[in-house]
Every structure is written in C-alpha cells, then in structure tokens.
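Remarks on the structure that follows.
The values are calculated or read from the model by the stated rules, or taken from the named source; none is laboratory data. These numbers were taken from a predicted model, which means no experiment stands behind them. Here the Cβ is made from the backbone with ideal geometry for all residues, glycine too, and neighbour counts use every protein chain on show.
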Amino acid sequence: MTERYDAIVIGAGHNGLVCAIRLAQSGKRVLLLEAANRVGGLAVTEEFHDGFWVSTGAQLLHQLQPAVMKAIGVRVPSVVERMATVVLAEDGDHVRLLDNDVSGPASGEAAAFAEFRQLGLRLARFLNQQFLRRPPRFDGDTRRLARLGLGLRLLGKADMRELLRLVGQNMHDEVNARFSHPLLKAAICLDAVTGTHTGPRSPGSVVTWLHRLAGQDGAVSQPAGGVGAVSEALAARAVKLGVELRTGQPVDRIVVDNGRVAGVESGGERFESWTVISNADPKTTVQRLVGERHFETPYLKRIHHYRSDGNVAKLHLALDGLPEAAGLDDTDFQSRLLIAPGEDAIEAAFNPAKYGEFSADPVMEISLPSAADDRCAPEGQHVLSAIVQYAPYRLAGGWTDDARDRYTDLCLQTLSRYFPDISRRVVALELMTPVDIEHRFGVYGGHWHHGEIGLDQFMFTRPVVGASQYRQPLDGLWLCGAGTHPGGGVSGAPGYNAAEAILELEQRR
Amino acid sequence: MIEVHQGRLQTPFYARQKALDGLNQWHNWNGYTVPDALYCADHEYFAIRNATAVFDLSPMNKYRITGPDAYAFLDRLLTRDLSSLAVGRVAYAVWCDGAGQVIDDGTVFRLADEDFRLCCAGRHAAWFADSARGFDVDIVEETADIAALAVQGPTSFSVLERMGLDGLASLKPFAHREFSFGGRELLVSRTGFTGDLGYELWLEPSQAVSIWDALFRAGELTGIRAIGTEALALSRIEATFLEPGVDFLHADETVRQGRSRSPFELGLDWLVDFGKPVFNGRQALARERREGSTWQLVRLDIEGNKPAPDAYVYAKPGRDNIGFVTSAAWSPVCKQNIALATVKAPHGRIGSELWVEIYYQREMHWQKKMARATVTRGPFWNPERRRVTPPLPY
C-alpha cells in the first residue's frame, strides 16, 4: 500500500529540513527521507574518534539566516557568538581581527580595514536582501527585476558604483590596492576563496567574499554542540510539526510518470507525491535520481557543465592537549586560526590545483571546537578541525591511500611550523578529500557548496539559466539545496525560498 | 609535408556526371562540388516529371544511430511520434532546440530494431552528442561512407526494375528494403524530394560507378537524365517540400531574435506529438500552442505568370506588409504561378486572399506589380502515381 504525501523532500541536510519545516508550517503533509543514519548532511557533528566530536562538513557558521530561523521558529545557542580571527605568523607575531578591528603588526591599517569591511557589509546586506527571495527570471519577471533594480539604486550612487566595480574584481588586486601587511591581505583573501575552486587572483573572488559576509552580517559563530546542533534543532522542529522524517532511507530514484514526477523509490518502497523536492545537488538529482532522458537537451547540457568539482579537504585531529604555539594564549584557541602567509601564498597553493595536483603548501582555516565547547573532546583533550586548500576532486592519479597519506603528511608539516609539537599530540586523525565527501554525503564532486559559487552560478544562473527559481523543467521536481540560490554555506535560505516558491505556485493554481 | 585537401570534394559519381556535363556550372554543397545543371535545367526538370531523373545526393549528411537506446534517443530528439516507425520504414521528422525552434528536418530510416539512419541538410554532431547523454547509443556520421542517388520520375520504377531490382513493385512509399545487386546489397527507399514517383539508392562508394552505369543502361529507352540542383529545386517547390536555409533557417545558426521558426509556424503541426511526455522543445511548443504562433508558412497560388521571388506579402494593397515569399516559381507542370511564403499569424488561413508585390527588372530599371494570391491547401503537385503500389510500368 503506498501513501500519498503533499511533498517529499529528499535529504535531511539543513536546507531539506528548513524546506520541510516551512511546508509543514503551511499544513502540508511532508515526508523527509535521509540516506544517512543521522540528519544534517554536511551540517553534522560526528564522533570521529572515541570521545572526540567534530563538525564533519561546515565547521563554523557564517551565513545562517536569522530571518529564516525566526520564521520557522528555531533557535540555536552559540558558545562563541562573534568569533575572532588570528592570522598565524611563524614567529608568533600574529595579526588578530575581530569585527572591524585589527590588532597586532597590521594595526596601523586598522582604519583602512574598517572602511573596507564596512563597505563589504553594506554590499553584503544588499545581497542578503536578494538571498532571502527568489532571484528574478530574465524574461517577463518585471516585478522581481524592478525590485532588484530598486534595491541596487537604494545603495546610493557611491556604493552602487563600488558594487558594479567589485562584481568582476579579484580579491588579490583589491587588497593590494588597500593594504600592505601580507597577513591582513591573506586573511581577507582566504575568506574570499574558502570552499571554492578559485584563488585570490580569480575574477569574481570579491563576490564570494561578499557572499560569506551576508547572512550573519560578517559574524562567525560556533554553535553549542557543533554545527550538527543546528540540524538537530531543525529536525526536532520538523518532527514536532508533523514532518515524517526517516533516516537511513536512501532514495534510489525519483519516479517519473508520463512526463511528471510521481514520487520516489527507496529500498524497494515507493512513496507517492506530485511534489518532490531534492536537497541533493543538481547533478545528482538530474543525472542519478531522475535520469537524463526525462529532460530536454539544453537543460541537461547546462547541468552537465555546472561546475561542481570540489577542491577542499577537511582535516580532523584528536589531540591529547592544546598544542604549543608562539604568541598564542589559551583563549586564542577559541578563535579561527588561519594559516596563509600572504595573498600570493594562497594563489601559489591554488596553482597546482588547476592542473590536478594538491597544494605543496596548503592554506587552512582552523578551529578547535573543544576550546570553547567541552562536549567535543574528553577533558583536557582537544579537537582540531581544518579546512585545507587545495585538494582537487580530480587529482591526477586519483585519491589513492598513498595520495591521501602524502597530503596528510603535508598538512601536518604545515601545522608543525606553527604548532611544533602537534604531531606528538595527535591521538587520531582523519583527512576527508572531495572524493570522501562525495561518498559520505552523496554530493557530486564532493563540492560542499553543491557547486562553485561564482558569477556564472549565482542568482539568476544558479544552478543554471532557466531553472534558478527552484522549480526544475520537469513537472513536480524542485531543488532546495545549496546548488540553488543563494548557494552554499549553512544558511537555510535555499530551503526556505524553495518552500515559499512551492507554496506560491500552489496558491496561483 | 602533409598535404591538406582544401578544394571541394568530389562525390563517388563525379566522374560520371562530369562526362555528361556540357555547362561546367558547379557549386558547393556541404563541401562537395555538385552541378547546378548538366546541360539544361529546364530539360532536366522535365526528366523528373516525364521520365527518370538521376540526382546525386551523396553530400547529404547521414548519421547512423545504433544501440539499445537508439529509439529512445530519437524519440526524445524528434518532435514526432515514432511508434509507427517499423523496421523497413522511413519517417520525415524535424527536431527543435529548447525554445521549440526547428534546428533541421530530415528523414529517419529504421534499418533494424536498434539501428537508424538520419539524413539531413545540416551538421549536427554536437547537438546529437549533447542529446545522447543518458542514453546508451552510438552516433556516427557516415556521410562519406554512403553514396546516394535519387532516381525520380514516372518511369523510375520501370528503370530500376529493368536494372534488376526484383520485387521493387511491392515497395510502398516511405518504405525501404535491401536488394541484391551485382552480388552485393543495395538499399532502396521509396522516398525523394520531387513529390513524384521515385526512389533513393543508398550504396557503398565502391559500388557507385557500376550502379550508375547499370542504371543508365536500363534507362536508355525511357529518357533517363542526370540532373543538377536547379531542376530539383523547382520540383521541390511544386511538391512544397521545405528547404532549410531558404524556407526556414537552422535555429542554431540564427543570430537575430525571431528569425527561427517553430514546427507550427512551418505548417508541420502533424509532426508534433504532445502525447510524448518529453522531447526537445516540448515545453516551449506547449506554450506556443497556448499563446499562439508569430508566423505562418503558406502556399500561394499567384495570378499572372511573373514569378514572385523575394516578394513582400500584403493583406491588402496599401497596408503594411505582413510577410515575404521565400520560394517562388512558375510551375510548368501545374501551369500555376506558385510560391511559399511566411506571413504573420493569424493571416494566411487556407482559402484567404493575399497580395504579393512582385519585383522584376526591365533593362536595369526595377518594376513592381501587385498580384492577387490565394492561400492553398496541400502540395501543388501531388500525382496519384506517387502513391500507387505497385507503381505503373512504362
């Protein structure tokens, strides 16, 4: 006996959860299917070694949308509300950043930094207005286009001009026009390229920075219990609203009947609904779950060329104590620690990745979640989590065990330059390459934003032209994941916007 | 040093055509040199209508589509219902881009269950490759591997039978069959671009000369003639077959907005099957069906005898023009002044009266003439013999 649902959401990542919640709030009967045994997708906190917990995907929150969380009635407490950043220097003369302030050797540039960051925040607020709604279509979507134009105009002449200038700009040139201290420049550049297949010199790397500033208005936070706590809170809310949540239930395929979606098949079971919303990435959804023959060629071609090869590895270390480091006190470990000696060092790390090699000198965004949250590790011990760039999905020769070991060693060597005793403190370690991310989370290419964030895959063109409003060119098929507007990061906006679009279409009918 | 061939290619029938050539008027068709006419276009035209005309269509693009998903691939590619395309049958079809605009038209041969040949004017390897994603299918361009001859006209059946194609009598229009000839296989289809009784022969290039010679020996007493493209062009207007690049443009080659055409705008509604859940262009065509088309292709019967190439079309003299003629000719066999034209919808209903402004030159000076035209239904030339099976002998 099969049941019919108002909607089936595939994937209980945070966006799938938000989407399901929003639909359930409107009285919809929603089935939410998750392949893994726990909710969260890439927003998940897991025990990677006895007693050591780490946020496996996203390690901190930059973009969680307060408006979305408020609308769906979910609150997630933080252990660190506004996290500081320490850009590490080998000699211990670190640059420290908090909000608009700079201290340390680059403090002479504090005013210039504040000016740039405030400009960034003003532009990011404009972007964020767009992030909380569907992007306009190019054809016949006058109302949305007009609203976009009006928002742009309301920035004022000076900021509008700056936005238009910065849209195609690369962060390398921009920081060099404004700053001189290499660690300060590196800090901004690293934030601009984290999680992407771009270097500071890549065009559009200012927009990726603005994208990261939007959402939390530039704040970086550490939720209590890790990023996975966000997903747990969402799941609790979903279940309370009557969403039927099933974990360990991978979807084999989306059923298409006579040119429209009719439900999903999962482990021999069939679930029926005229509305299927996929929180999986666009390629996985179209190519694997639905099948290409159900779409027209131009759409398929665009999906095929959608850029979604990951270029980021994640390193998790279980440590028997805080590592020693020149110039850092214990509270500094509650900050983000960046290893990026300069903007050119980041570009140099990116260069080999263009040709299928990993960085010889990787750059990292490090957090020690256990420093502020003692639930993450046994007492006195610590967890180090690092986003390591670059590690191309299509590594020449493939991500063999040997390649993984070599890259792990490289990462430890790099860390040792700043934390001399780190290797001795390692109790357990785990390196997740894009291939591992692909296998563990079912994301094509292991790209944790479900596809590059770049001007060609942004707003009107995310994931592809003609399908940027969540609804895909197959009756009943919707996307709600990071592969849709406004993109990756733990924001909840794609899921929320998708649900709004579904409800709005229903009203029009 | 590697020699790179830069000149036009020669078809496998080049030497035989050259031997008959009295005019030396040749042009480029798809990279091959082909004759406009060999001795006199008018005489060649009458060979089509009164005897047997032989036209070398080797340069026509041919794609071989094979594999377990060959049918499914074509079903999604083409707008029409293919379910009746049995092995041994040929279907006329068009295919569209995502905006429902016609990329090209062509004929599909079902050679075996999972084996098809698609013949068309344009080159579409990239589009086919893009469209093949998700299908277990092989697509090979075999233009140079297959030589082809059109054998057209009222005596064509008798000529081919005399040549030794036993059993040809039972071959129905839009059917094809392998015949044994000279110890080798020869594929014959009852198809053509003339609107008359006629066949097309598909063979390996190495067979070309021997088949040409056998054909002309068999046709000697029934007026067989080799013809060039001019004569064919006239006959296809009479049959109202569309010519890509003339009556419509390949959608993927247009640059300006609105210069491509949908199947509806070309009068090919019967080639669009909304019963299929998905095919390229379906969503856009469904929208066009709801909201109406911009253009309508019409067949015009024009008063007088002055051909109307490139003429503007009017609903009434003195008003703004509503369209233009794309193909026009005086039809010797119909004794009609005929044209294909594109007009703004909803103009162009069958039976309605339009006006064309015909331009002609008299000793350098241009003249124009307003002529009444009637929108007609169906081909101008559509003789019974085209359809009768078995065909009548001569």
Checklist entry - Among the residues of segment B:292-312, is there at least one that is over 25 Å from the mean Cα position of the chain (by Cα), free of Cβ contacts under 8 Å to residues at least 60 places away in the same chain and crowded, with 19+ Cβ neighbours inside 10 Å? => result no
Next on the checklist: Test of understanding: among B:R256, B:R287, B:R261, B:R190, which residue is of a type in the set (K, R), in contact (Cβ under 8 Å) with a residue 12 or more places away in the chain and out of contact with any helix residue (DSSP H, G or I) (no Cβ under 9 Å at 6 or more places or on another chain)?
Outcome noted: B:R287
Checklist entry - How many residues are within 12 Å of chain A (Cβ to nearest Cβ) and either more than 25 Å from B:D130 (Cα to Cα) or out of contact with any Gly (no Cβ under 9 Å at 6 or more places or on another chain) (or both) when one looks only at segment B:274-292? => result 4
Item to check | A:G195 being at pLDDT below 95, more than 17 Å from the chain's Cα centre (by Cα) and either of a type outside the set (A, V, I, L, M) or within 30 Å of A:E347 (Cα to Cα) (or both) | outcome: no
Checklist entry - Which of (1) more than 12 Å from chain B (Cβ to nearest Cβ); (2) over 26 Å from the mean Cα position of the chain (by Cα); (3) not aliphatic (A, V, I, L, M) does A:P282 not meet, given it meets every other one? => result (2)
Next on the checklist: Just checking: which of the helices (runs of 4 or more DSSP H) contained wholly in segment A:93-190 hold 3 or more residues that are of a type in the set (A, V, I, L, M, F, W, C) and surrounded by fewer than 19 Cβ atoms within 10 Å (Cβ to Cβ)?
Outcome noted: A:110-131, A:142-153, A:157-166
Checklist entry - Say we look at segment A:221-242 and pick out the residues that are assigned to a loop (DSSP other than H, G, I, E, B) and touching a strand residue (DSSP E or B) at 6+ places or on another chain (Cβ under 6 Å); which of these is farthest from A:E47 (Cα to Cα)? => result A:A224
Item to check | Count of segment B:254-281 residues which are outside any loop (DSSP other than H, G, I, E, B), in contact with an Asp or Glu (Cβ under 9 Å, 6 or more places away or on another chain) and under 18 Å from B:G348 (Cα atoms) | outcome: 0
Next on the checklist: Every residue in segment B:213-262 that is within 16 Å of B:G192 (Cα to Cα) and among the small types (G, A, S), please.
Outcome noted: B:A226, B:G228, B:A231, B:A233, B:S235, B:A239
Checklist entry - Considering segment A:110-143 alone, what residues qualify as being out of contact with any helix residue (DSSP H, G or I) (no Cβ under 7 Å at 6 or more places or on another chain) and modelled with pLDDT of 90 or more? => result A:A110, A:A111, A:A114, A:E115, A:R117, A:Q118, A:R125, A:N128, A:T142, A:R143
Checklist entry - Which residues, counting only those in segment B:57-81, are more than 14 Å from chain A (Cβ to nearest Cβ) and farther than 19 Å from B:E142 by Cβ? => result B:R80, B:D81
Checklist outcome for this item: The correct count of residues that are of a type outside the set (A, V, I, L, M, F, W, C), surrounded by 10 or more Cβ atoms within 10 Å (Cβ to Cβ) and either part of a strand (DSSP E or B) or in contact with a Pro (Cβ under 9 Å, 6 or more places away or on another chain) (or both) in segment B:340-375 is 11
Item to check | strands (runs of 3 or more DSSP E) lying entirely in segment A:321-431 (those with 1 or more residues that are buried (at least 17 other Cβ atoms within 10 Å of the Cβ) and polar (S, T, N, Q)) | outcome: A:363-367, A:382-389
Item to check | Top-ranked residue in segment B:245-273 [being among the polar types (S, T, N, Q) and modelled with pLDDT of 95 or more; ranked as surrounded by the fewest Cβ atoms within 10 Å (Cβ to Cβ)] | outcome: B:T254
Checklist entry - What residue, of B:D136, B:D113, is within 14 Å of chain A (Cβ to nearest Cβ) and within 17 Å of B:T66 (Cβ to Cβ)? => result B:D136
Checklist outcome for this item: When restricted to A:Q25, A:Q59, the only residue modelled with pLDDT of 95 or more and within 15 Å of the chain's Cα centre (by Cα) is A:Q59
Item to check | Every residue from segment A:454-486 that is more than 16 Å from the chain's Cα centre (by Cα), more than 14 Å from chain B (Cβ to nearest Cβ) and assigned to a loop (DSSP other than H, G, I, E, B) | outcome: A:S468, A:Q469, A:Y470
Checklist entry - Here are some conditions: (1) modelled with pLDDT of 95 or more; (2) out of contact with any Pro (no Cβ under 9 Å at 6 or more places or on another chain); (3) under 16 Å from A:G492 (Cα atoms). A:L64 meets all but one. Which one does it not meet? => result (2)
Checklist entry - If A:Q169 passes every condition in (1) over 27 Å from the mean Cα position of the chain (by Cα); (2) without any contact (Cβ under 8 Å) to a residue 40 or more places away in the chain; (3) closer than 24 Å to A:E347 by Cβ but one, which one does it miss? => result (1)
Next on the checklist: Can you name every one of the strands (runs of 3 or more DSSP E) wholly within segment A:243-301 that holds 1 or more residues which are surrounded by fewer than 17 Cβ atoms within 10 Å (Cβ to Cβ)?
Outcome noted: A:244-246, A:253-257, A:260-266, A:269-273
Checklist entry - Can you find even one residue in segment B:37-59 that is under 30 Å from A:E296 (Cα atoms) and either at pLDDT 95 or above or of a type in the set (D, E, K, R) (or both)? => result yes
Checklist entry - Quick check, is B:D130 within 14 Å of chain A (Cβ to nearest Cβ), more than 28 Å from B:I227 (Cα to Cα) and in contact with a Pro (Cβ under 7 Å, 6 or more places away or on another chain)? => result no
Next on the checklist: Looking at (1) in contact with an Asp or Glu (Cβ under 8 Å, 6 or more places away or on another chain); (2) under 30 Å from A:E296 (Cα atoms); (3) assigned to a loop (DSSP other than H, G, I, E, B), which one does A:G445 not meet, given that it meets all the others?
Outcome noted: (3)
Checklist entry - Quick one: would you say A:A124 is closer than 25 Å to A:L98 by Cα, among the small types (G, A, S) and in contact with a strand residue (DSSP E or B) (Cβ under 7 Å, 6 or more places away or on another chain)? => result no
Next on the checklist: Exactly one of these conditions fails for A:G218: (1) within 14 Å of chain B (Cβ to nearest Cβ); (2) assigned to a loop (DSSP other than H, G, I, E, B). Give me its number.
Outcome noted: (1)
Next on the checklist: Quick check on segment B:28-87: of everything there that is among the charged types (D, E, K, R) and assigned to a strand (DSSP E or B), which residue is surrounded by the most Cβ atoms within 10 Å (Cβ to Cβ)?
Outcome noted: B:D56
Checklist entry - Could you say which residue among A:R270, A:R302, A:R293 is over 17 Å from A:D475 (Cα atoms) and either within 14 Å of chain B (Cβ to nearest Cβ) or of a type in the set (V, I, T) (or both)? => result A:R302
Next on the checklist: Testing B:D130 on (1) in contact with an Asp or Glu (Cβ under 6 Å, 6 or more places away or on another chain); (2) surrounded by fewer than 23 Cβ atoms within 10 Å (Cβ to Cβ); (3) under 19 Å from A:E296 (Cβ atoms), one condition comes back false. Which one is that?
Outcome noted: (1)
